[in-house]
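The structure under discussion appears below in the form of structure tokens.
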Amino acid sequence: MSGPIKHPISPLQARMIEDMTARKLKPKTQSAHVRSCRRFAAWLGRSPDTPMPEDVRRFQLALVEDGVSVHTRNVTMTGLKFLFRVTLRRHDLVAEIYHLKEPQKIPPVMSQDEVERLLANTTSIKARTMLSLAYGCGLRPGEVVRLRVGDIDGDRHLIRVVQSKGDKDRQVMLPKSLLVLLRRYWCERSKRYDAGIPLQDRYLFPGRGFGRALTRRQLNRLFHQAADAAGITKPVTVRSLRHSFATHLLERGVDIRVIQALLGHSSLVSTSRYTRVATALISAIKSPIDLLGDCTAKGRKRKKTKPKT
């Protein structure tokens with residue numbers, strides 16, 4: 001039996017992990033579900049397979065009273081819902097679970113000048129190549145670090161993104177300038193951990209250790225080093241480069257469905273949020289008041305009427 005837990009576990013937890021593994025839940029999802037059940041058990045003071053519906057209702061109230069964020073609260077209840085619905089078959093407990101609507105926030109976006117300054121202040125060609133891929137192709141941080149040599153199609157100027165979010169493959173464009181940068185980087189790339197690995201299977205950005213890719217945390221650290229050096233004070237992360245990619249395409253008039261395909265979104269709703277941050281589009285909209293006369297002109301003077309005698 002395989003699972004994300006490496007220390008001794010209870011029979012109930014082992015069965016839950018088996019249920020999650022059988023449904024091909026990702027290791028991080030499994031770990032999150034297990035943490036949720038542990039949190040509930042700690043609050044309950046006994047095994048999570050013994051609660052009554054009233055306990056589930058009170059636990060959700062306690063999460064709100066403790067000031068837990070809406071996102072964390074929903075993740076916690078999703079893990080419990082899996083335990084109750086799949087592993088325990090306690091549909092009376094599932095009926096007590098509800099999710100709260102999460103606040104919709106505008107994603108942080110960088111201007112083209114800020115992106116240019118960021119790339120100019122990278123500390124190495126490796127860092128510049130990775131950050132350029134994130135912005136120039138709209139890749140997620142995890143997609144950047146997992147790129148392999150075989151994913152690059154230089155002849156057709158395409159990058160194949162393999163089994164990304166939602167277990168989906170997709171293709172994105174590979175700009176000529178990025179292809180040149182990739183070839184320059186490849187000449188300087190460390191070959192320390194390539195022994196025995198076929199060329200097409202080698203990671204473009206190897207980490208420390210045989211057959212390992214660079215981590216997202218390391219990529220994020222390189223991003224913040226460049227952002228600090230460029231004097232960018234916005235609360236941005238490496239994922240902001242992907243947001244900026246989508247926003248800048250939208251401002252240039254690229255069809256939103258094309259952007260949806262490039263980003264790998266299943267729903268157009270996810271892509272449409274960028275319309276709220278495409279400031280060039282928003283500022284170019286003509287207000288209805290502009291169709292009226294001069295709104296700054298003084299109003300007509302009202303004629304004075306003589307009082308009736």
Order of GLU114, GLU102 - criterion: other Cβ atoms within 10 Å of each residue's Cβ, fewest first: GLU102, GLU114
Residue list for segment 89-106, given a label point 7 angstrom along the Cα-to-Cβ vector of VAL70 and an amide N cut-off under 11 Å: 100-105
Residue order, fewest to most surrounding Cβ atoms within 10 angstrom, among ARG146, ARG23: ARG23, ARG146
Angstrom value of the Kirkwood radius, inverse mean 1/r, which spans all Cα pairs in segment 1-109: 14.7
Estimated distance in nm for a label pair at LYS24 and SER124, the labels positioned 7 Å out from Cα along Cα-to-Cβ: 3.6
Gaussian network model of the chain, springs between alpha carbon atoms under 10 Å - residue of ARG192, ARG15, ARG216 with greatest fluctuation: ARG15
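Percent relative contact order of the chain, based on C-alpha pairs within less than 8 angstrom and at least six residues apart?
Details: 330 pairs, mean separation 50.5, N = 309.
Rounded, it is 16 percent for the chain.
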Residues whose placed amide H lies under 5 Å from that of ARG148, excluding near-sequence neighbours: LEU204
ARG276 paired with LYS168, simple spin-label distance in nm, labels 7 Å along Cα-to-beta-carbon: 2.1
Point-charge dipole on Cβ atoms (K/R +1, D/E -1) for the chain, about Cα centre, debye to 20: 1120
Charge-dipole axis of the chain as Lys and Arg at +1 and Asp and Glu at -1 on Cβ define it, positive-most pick from PRO288, MET77, LEU158: PRO288
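Between SER111 and ARG183, what's the calculated FRET efficiency when r is the beta-carbon distance and R0 is 25 Å? Round to 0.05.
Values: r = 29 Å, r/R0 = 1.14.
In this case the efficiency is close to 0.30.
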Candidates LYS81, LYS165, LYS105: whichever shows maximal mean-square fluctuation once the chain is modelled as a Gaussian network with Cα springs under 10 Å: LYS81
Label-to-label distance, nm, for residues given as HIS224 and VAL86 (7 Å Cα→Cβ offset): 3.3
Derived scalar couplings ³J(HN,Hα) [segment 10-21; Karplus, 6.51 cos²θ - 1.76 cosθ + 1.60; whole Hz; x for Gly, Pro]: 7, x, 5, 5, 4, 5, 5, 5, 4, 5, 6, 5
Cubic angstrom per residue, convex hull over Cα atoms of the chain: 258
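Per DSSP H run of at least 4 residues, take -39500 (n - 2.57); add these up for the chain, divide by its residues and hand me the 222 nm value, nearest 500 deg cm²/dmol.
Details: 14 runs with 144 residues, N = 309.
Value at 222 nm, helices only: -14000 deg cm²/dmol.
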Which of HIS248, HIS33, HIS224 has the fewest Cβ neighbours within 10 Å, and the rest in rising order: HIS224, HIS248, HIS33
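Taken together, the values in this text are just the output of simple stated rules run on the coordinates, not laboratory data. Predicted model, so just to flag it, every value in this text is computed and none were measured. No Cβ is skipped: glycine too gets one built from the backbone with ideal geometry, and neighbour counts run over all protein chains shown.
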